[in-house]
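The values are calculated or read from the model by the stated rules, or taken from the named source; none is laboratory data. This is a predicted model, so every value here is computed, not measured. Backbone-built Cβ (ideal geometry, glycine too); neighbour counts: all protein chains shown. SASA here: full protein model, heavy atoms, side chains in, ligands and nucleic acids out. Shrake-Rupley method; radii C 1.70, N 1.55, O 1.52, S 1.80 Å.
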Amino acid sequence: MKSFRKELWFEVPTRRAFINITPQVRECLKESGIKEGLVLVNAMHITASVFINDDESGLHHDYDVWLEKLAPHEPVSMYKHNVGEDNADAHMKRQIMGREVVVAVTDGKLDFGTWEQIFYGEFDGRRRKRALVKIIGE
Ligand code: ZN
C-alpha cells in the first residue's frame, strides 16, 4: 500500500471565508501516484472546517448567514469561552461544518458525486492555518 501526506497552508485576510481546495487536493492525488484508494482531508485547527458541497457563491453567502444565526460572532461577551479570546463562535461553526472529508479514488481521480467540491472553511482567520491531505491506496 502506498501512502502520501501533505499540508495545505492558508492565510485568510478576513475572519471567515470558504476556499475551494479541490485543485490542490487533485494535485496531491497526482503527486501521490495512487490510482485506487481513499483521500482524507482535515482541518488541523479547531476553528476551521473541511467540507464538501457546491461551488456556488449564493450558497456560500447563505451558509455564512445561517452560521451567524446559529453562533453569532457578536457580542463576544455572551460566550464563556471568550475569556482572553473572541473565537467561541468559530469553534461552534467548525463543529457544524465538520472537521474532515473522505473521498474515494477511482482510476486516479476523485470519485465525486454531481457538483461535489472540497472546501476549506475558515471561521477565525487572519493567521496562518493548515489542512492535512492523507492519501492511501495502490
Ligand atoms: Zn478558542
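Entry remark, the range 59-92: residues being away from the ligand (no atom under 12 Å from the Cβ) and of a type in the set (D, E, K, R) number 5 in total. Considering ASP86, ASP64, ASP55, the condition of being surrounded by fewer than 18 Cβ atoms within 10 Å (Cβ to Cβ), in contact with a strand residue (DSSP E or B) (Cβ under 6 Å, 6 or more places away or on another chain) and not polar (S, T, N, Q) is satisfied by ASP55 alone. Taken over the range 122-138, the criterion of being within 16 Å of the ligand (Cβ to nearest atom) and within 13 Å of the chain's Cα centre (by Cα) is satisfied by GLU122, PHE123, ASP124, GLY125, LYS129.
Residues checked against (1) charged (D, E, K, R); (2) touching a residue at least 24 places away in the same chain (Cβ under 8 Å):
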| site | (1), (2) |
| --- | --- |
| ASP62 | yes, no |
| LYS69 | yes, no |
| HIS91 | no, yes |
| ARG94 | yes, yes |
| GLN117 | no, yes |
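Among what's in the range 93-120 and is among the aromatic types (Phe, Trp, Tyr) and surrounded by 13 or more Cβ atoms within 10 Å (Cβ to Cβ), pick the residue that is nearest to the ligand (Cβ to nearest atom). Restricting to residues being among the aromatic types (Phe, Trp, Tyr) and surrounded by 13 or more Cβ atoms within 10 Å (Cβ to Cβ), the top hit is TYR120. If the condition is being open to solvent by 30 Å² or more (accessible area, probe 1.4 Å) and in contact with a Leu (Cβ under 7 Å, 6 or more places away or on another chain), then the range 39-52 contributes only MET44.
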